[in-house]
1. Any idea which of B:509, A:189, B:550 is furthest toward the positive side of the dipole for the protein assembly as shown, if Lys and Arg beta-carbons carry +1 and Asp and Glu beta-carbons -1?
2. Please state the charge dipole magnitude for the protein assembly as shown, taken about the Cα centre, from unit charges on C-beta atoms (+1 on K and R, -1 on D and E), reported in debye and rounded to the nearest 20.
3. Along its three principal axes, how long is the protein assembly as shown when you only count alpha carbons? Whole Å, largest extent first please.
4. Quick check on packing: order B:451-457, A:33-39, A:304-310 by the mean number of other C-beta atoms within 10 Å, highest mean leading.
5. Expressed in nm to one decimal, what extension gain is obtained for the pair residue A:152 and residue A:307 from 0.36 nm per residue of sequence separation less their Cα-Cα distance?
6. Test of understanding: in a Gaussian network model of chain A with alpha carbons linked when under 10 Å, which of A:171, A:24, A:254 would top the mean-square fluctuation ranking?
7. Apply the Karplus parameterisation 6.51 cos²θ - 1.76 cosθ + 1.60, with θ equal to phi minus 60°, to every residue of region A:17-24 and state each ³J(HN,Hα) to the nearest whole Hz, in sequence, with x for glycine and proline.
8. Can you sort B:497, B:120 from fewest to most other Cβ atoms within 10 Å of each residue's own Cβ?
Amino acid sequence: MAHEQLNPTIDKILANIEKVMIGKRNVAELSLVALLAGGHVLLEDVPGVGKTMMVRALAKSVNANFRRIQFTPDLLPSDVTGVSIYNPKEMEFQFRPGPLMGNIILADEINRTSPKTQSALLEGMEEASVTIDGVTHKLQKPFFVMATQNPIEYEGTYPLPEAQLDRFLLKMKMGYPDIHEEIEVLNRAQKVPPIEDLQPVIDLEGLRALQQEVKEVFVDDTIKRYIVDIVNRTRGYGSVYLGASPRGSIALMKAAQAYAFIFGRDYVLPDDIQYLAPYVLSHRIILKSEAKFEGITSEEVVNRVVNRVPVPVQRLVK
Amino acid sequence: MKRDFPTFLLYTFGFLLLWEWLRPVEQLTDTDHIETFIVFLIIAFALSYLQMKWFWQWLIKIVFVLFSINRFHYKGGFFHSGWLGSFSEDVINNLWSIVARNWNELSNEFRTLLFFILMWIMVYLIHYWLLRQQRIFIFFFMTIIYITVLDTFTVYDAKIAIVRTVAAGFAVMGMLTFFRINRRENSNSNSAFIKKWMVPLVIMVAFSVIVGIAAPKAAPIWPDPVPYLKAAGNKGGSDGIGGISRIGYGANDSRLGGPFIGDDTTVFTVESNGKNYWKVETKDVYTGKGWLASGSTTIDFRQSDLVPVLSIPSNVETTNETAKVNPAGEFVSYVAYPAGIQKFIDFQPNLPEQYPIQIDTNTEKIRNIGNVDYTVDFKVPKYQAVDLRKTTGYDPAVMNAEFYKRYTQIPEELPPRIKQLTEEVTASETNWFDKARAVERYFGNTEYTYDQKNVAIPGGKDDYVDQFLFDTKTGYCDNFSSSMAVMLRSIGIPTRWVKGFTGGEFLEYSRDDETKELYTITNNNAHSWVEVFIPTQGWIPFEPTKGFSNSINIDFTSGQTSTNTQTPAPAPVKKPEKKPLEETANVKKDNSFDIRDIWRNIQLFFKNEWKWIVFGGMLAAAVIALLYRIRGKWFPYLVMLRYRFRKKDETIGAAYLILLSQLDRYGLKRKENQTLRNYARYIDTFFSTREMTRLTHRYEQYIYNQNLPEGSWKETRELWENLIKKTIA
């Protein structure tokens, strides 16, 4: 969709990110999709491919409060959410906010920590608030979590339960840069990292406004029907044990709205749905174990499903 | 249940079907005020449609029913006190009668009430069938059975009713099927789907109805059972006379032929000086299948007036006689009278002095006397052969041209061999009278046979007279009389066809009056014969039927002219009035005859030209198939022309889809899972343009955004046309 005119603000943000990130434009786009749609991203990748750099660039571009949590097995929920400490001078408990109280949070290696701590994070993501010592603290808005998960280490990890994975709007892989890109990476590594020089494109207020605009992107009934058709098909698919839920349909629609918005459209196309479906749906379906043994991945399943659903090309007549 | 238009249509059709049950009731029973019941039906259906609370529905209906009963059966207004009391008393009495099974004692009020209740139940049932069960076939089928049975066994003519019923029935069944499918599939009834269903439905119903009406139908293998069984094997068979089943007299001479069986039911008895033929009516238009009256002009006359029929001219010698007629049947819709009738001189029981007796001056048929004995005064002519032989040709001076034309009418398609035969038969004669006698004799002398049973019905294009004269040569009075009348007409001698009765059987001498004789006339005596018009002499009866003779008194002896020859004044020929005073059954029959005529021509055309038609049909099919094969070459031009003048931006919707199918035919198929954008890029790569992508953007806006910039079709049309052109190349 290269020929499409990007939304100017988004264009600037992406340009900002590209200053520090080489290639990986689609990852940047998808992260923006999640940010604009008010969702969260699960990045499944090995360390060292530039996740942190990208999130930081994104946070800088929207002038957001960036926090990073490195999950370890001994991390406690209070380390994430914050803790109340007794202040002897004031004779009362004072709340010290944890790293979750930022706008953009990088939750690194989320599968390394105990389920208790994981669920503290997941609760925050779902409810946009945390409860500590009986007091509910609203999280800041916008609130965007980019969690990473190392897919190759299993020793000493606590994989996220599949049912909890659908807290994330999108799941994606970053992947390695290609040869030219990697050379360019080396070139840049010789200089001072430009991340400190990045100028914000919009402030948080502006970002909230964009989020509002995204909600108003028009989704025609034909598109809704298309979304439902796709999600429905995952439920009856042969190698699928559990298909995507209606929450998956909602997620697909919201993501599509944001994606359309990024490309300067105020309405959603079937192309948006086709593009986003693997990212939105693949972590929401559970494959049968036979299928796993055969090496079928959920991305493949989603792609096959999408290929089988006819694209709506006529108006629904009412 | 919704209050939408389809439901309204369903109710309308339900109402129409139910109405068909009511229509015959009015005609066949002595139920009056049928319109009130129809109004009740409308109200009941409307209330049901509007889904009023049951309380209001019941209230409105009950008030309507009570009001109607009050209006029919009680004097004094609705608010007149006491009638409700007596009505409820009546209802209770009637309920007891029902319990006691005294069906005949039910009062009219109660019957009306029952009828209303029946209507009420029927409306509910139809509502139930239509909207709950969504099946109405049984009711529709019963309606058809009901109408056809009534048509067969009663006077009810269901020709139109059956068309109405079939149309309404099929329409409603089609709609119900649609709703059932809709419900089963749980699909949204969007308007396109409805259109897809309803348009073919309407076309199919209309087509089948039109074909049903218009298609030529085989003549019935069996004759209409009721006239056949009941009527009268009148010895010559004007089939209307004997049967009480037809309204009026001789409703159906338009198609003659077919066998008859005897019926010796007495029609009337006569007390007279001698045996006479008894006329009932005359007809003047020969159709090729039978006889019709050219029109109907009914006038009234009083008992004291001369009966306004064309009487015997004064220059013919006559003697006066009287005869008393005593009808036997209950239904007398016609009056039999002797030729030369002057006056009715007595009625038993007496009719009022000023009682208007009706006569149709066109057919000379007298009506509405009712079941009374009547005495007629009539003249018996004594013709002089010399006077009769004077006329040798048509002379406008003595005969009104219109009159002449009317009584020498023959159908255009009358086979010419009839005229040839007539000319042969009458070759040796010079004047009209002798020619008529020659034709009359011709039937007696040759191989013609009188038979009531083995008589053919003329087929689709047969002429009734022609068939008898040349093919079958077997028949009864209708065959003989019609043939003679038509033969004479074919050589320009004015004739008319007369229906009535022969003189009947002698019973005994009258006990009151020694000179009088009593005759019994039965249905077997029904007969038809011919009258020939001879200027200055009037209508002279002839009897061509084998084995019958008419006692007409002609003096052949005198070589001289008769006593009254002074100045042979032109006969007082009345100019036949043809003002269409009334819309009559006869006129209607003319119309139906015309349609049949056209159909006969069409059938003939098909029969003669079928090879060409088959060839033409095959050629047309081949051309259509070829055109369909190469539709990719010409169809787009047509489409382009069509869309060139469209202004609406929404045009892109249909146009784009046409482009898609055109590209498909061209070989650039879009995969089902391919998005339009993706496909557009593929097309653009193929044609190395950017037009498809630009067009597709517009179309995406149209379908996925439901929003098009004003005037966008004008811009996009060019893109679209270019692409269409590319697919033609």
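Derivation of every value follows stated rules applied to the coordinates shown; laboratory data play no part. Note that the structure is a prediction, hence the values are computed from the model and not measured. In this analysis, Cβ positions are derived from the backbone assuming ideal geometry, glycine residues included, and neighbour counts consider all displayed protein chains.
1. Farthest towards the positive end: A:189.
2. Roughly 3180 debye, rounded to the nearest 20.
3. Extents along the principal axes: 159, 82, 51 Å.
4. Ranked from most to least packed, the peptides come out as A:33-39, A:304-310, B:451-457.
5. 52.8 nm
6. Result for chain A, Cα springs under 10 Å: A:24 fluctuates most.
7. Rounded to whole hertz, the list is 5, 5, 5, 9, 10, 9, x, 6.
8. Going from least to most buried by this count: B:120, B:497.
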